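Asks: If you scroll down you'll find the structure; I have some questions about it.
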Amino acid sequence: MPKTTAEKLTPTRAKLSVEVTLDELEPYLKRAYQTISEQVSVPGFRKGKVPAPIIDQRVGREAVIQEAVNSSLDDFYQAALAEADERPMGRPTADVEQWPEAKDPKSTLVLAFEVEVRPEFTLPKYAGLKLTVDNVDVDDDAVEAELTKLRERFGTLVTVDRPAKTGDFVELDLTATIDGAEVDQASGVSYEVGAGNLLAGTDEAVETLTAGETTTFTSQLLGGEHEGRDAEVELTLTAVKERELPEADDEFAQLASEFDTIAELRESLKDQAAKAAVFAQGQQARDLFTATLIEQAGIPVSEELVEEEVHRHLESEGRLEDDEHRAEVRKSSEEQIQLQLLLDAIVEAEGVTPTQNELSQYIFQSAQQYGMEPTQFLQAISQGNQMGIILGEVTRNKALAVALSQAEVVDQDGNAVDLTEFTAVDSDEDAEGAEGADEAEAESAADAQQAEAPAAKKPAAKKSSAKKSEAPSDSAADDDADAKKAARSAAAKKAAATRAAKKAAAEAEEAGK
């Protein structure tokens, strides 16, 4: 077995020196002779049948050794990693520090590999770690804010004859010029004043203008071939509209939700706001938890890996010369690498392995997030060889949940915070139970969707409540049958998609082994 010597150049970079004898190189020499034999033409010999002595004579022993070394590099590199117990985090560089003498059977080949590796650090104790998060404060103002958001979804835009102000919706015509030459223009642009998602300076230019008025301002272009350049922008306001909100009464409650009264809707929104506040507590606890452990562990970060990520990010945005943004990206990249190293250490400490159900749920939810069918998403990640990345992501998420469940989280008043929704994970029994649930899923999902179907048109949080019972008319019965049929069809599709996701999850799990 080749002799390996490991040297830590920095906390995140290692040099592996490998000494290989000619006997250990012999299998690669045989393959090198065969490869060269198939490539050269020698009178009297068929390709692939040229003897080794003839190859030495015609091509040279040195060329054979070079071919053998080139083909052996990865094998010797992997063996060196295993012997040195190093885990690479980047692409290695390889160098031949000493070539063997062609005529000296006792000479050796010396290879040197350098690679960014996982740094060594001590995982801090997190069991019993005390974290303090903000209080859950759901007052009348919070409920009114949620109710206002809901009313805005059902609001109507009414044209008004007055200057525009923040919150209004306006229609704009824009023309951008550089050095007197028109470089871009857009007509009929709809914009909410104060949203801040148009050219910088738009809000200041629009406010106080009335329909038909024009103004100019200077702004940096956000896209196109002149992106980043300052341009003179001529803005014409063609219409001003304000949003009229419906009255917050029982009629609105029936329109926007499944509730009969505004009091019931307010109670539901209060529950919704409370859940949102608890969710915010969970996110805050998670961020505090990881930040505390990273700080305590003092995890070293590879400068090379950070620079690679920063360059890739800025290049994709076309902002390689933006030094201010570079500093922001560098900081976030360092934090992301530290977080991954921390979670990988927790994975090992806790022996975390995701269940097939957890993998399939992640795949299903990711497909929804990207607006794709699960089968399309699966095809995309398979073609991109992303299964291993998916497995790693699910494993780290589960490790974080397992570790966070061992921390003590309280609010500012000292009350314990229930983070069950953040820390719940599948057990092996859950995974086995999920395997047999597919056939029953379509039926139960259909029933659930049928119950939700009448309220599905109403964009509001749902709450179980008894409503007045009425005998359905014939048309209502037909609608009910149609809804049930559609729900069962949708449920069947969901069950099929879930089975497909589980199949892909199994493939991902196998790929990660």
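Asks: Output the pairs from Lys30/Lys106; Lys125/Lys398; Lys149/Lys398; Lys3/Lys103; Lys149/Lys241; Lys8/Lys130 with a Cα-Cα distance over 27 Å in this structure; if there are none, say none.
Replies: Lys149/Lys398; Lys8/Lys130
Asks: If you add up the charges near Lys3, with Lys and Arg at +1 and Asp and Glu at -1, over every other residue whose beta carbon is less than 11 angstrom from its beta carbon, what do you get?
Replies: Neighbour charge sum, excluding Lys3 itself: -3.
Asks: Ok, one more. By what distance, in whole Å, do the Cα atoms of the stretch 56-170 stretch along each of the three principal axes, largest value first?
Replies: Ordered largest first, the stretch 56-170 gives principal extents of 95, 50, 22 Å.
Asks: Cα centroids of the stretch 380-429 and the stretch 75-94: how far apart, whole angstrom?
Replies: 30
Asks: Assuming 1.567 mPa s and 4 °C, estimate D for the stretch 320-436 with Stokes-Einstein, Rh taken as the Kirkwood radius over Cα pairs, in µm²/s.
Replies: Calculated translational D: 77 µm²/s.
Asks: With N set to the number of residues, divide the alpha-carbon radius of gyration of the stretch 255-297 by 2.2 N^0.38 Å and report two decimals.
Replies: That works out to 1.90 for the stretch 255-297.
Asks: Right, another one. Assuming R0 = 35 Å, what is the FRET efficiency of Gln66 and Asn385, from their Cβ-Cβ distance, to the nearest 0.05?
Replies: The formula returns an efficiency of 0.65 here.
Asks: To continue, here is another question. What are the ³J(HN,Hα) couplings of the stretch 228-242, residue after residue, when phi is run through the Karplus curve with 6.51, -1.76, 1.60 and θ = phi - 60°? Round to Hz, x for glycine and proline.
Replies: x, 8, 6, 9, 8, 10, 9, 10, 10, 8, 9, 7, 10, 10, 10
Asks: Moving on. Please compute the volume of the convex hull spanned by the alpha-carbon atoms of the stretch 132-195 and report it per residue in Å³.
Replies: Expressed per residue, the convex hull around the Cα atoms of the stretch 132-195 is 188 Å³.
Asks: Now for a separate question. Once the Cβ-Cβ distance between Val96 and Glu307 is put in as r, and R0 is 30 Å, what FRET efficiency do you end up with, to the nearest 0.05?
Replies: Result of the calculation: an efficiency of 0.65.
Asks: Percentage of Cα-Cα pair distances in the stretch 245-385 greater than 26 Å, rounded to whole percent?
Replies: Value for the stretch 245-385: 59 percent of Cα pairs lie more than 26 Å apart.
Asks: Which of the peptides 253-261, 370-378 is most tightly packed, and how do the rest follow, judged by the mean count of other Cβ atoms within 10 Å per residue?
Replies: Packing order, densest peptide first, comes out as 253-261, 370-378.
Asks: Strictly greater than 11 Å: what percent of every Cα pair in the stretch 221-260 meets that?
Replies: Looking at the stretch 221-260, the distances longer than 11 Å represent 77 percent of pairs.
No value in this document is a laboratory result; all are computed from the given coordinates. If you're wondering where the values come from, they're calculated on a predicted model, not measured in any experiment. No Cβ is skipped: glycine too gets one built from the backbone with ideal geometry, and neighbour counts run over all protein chains shown.
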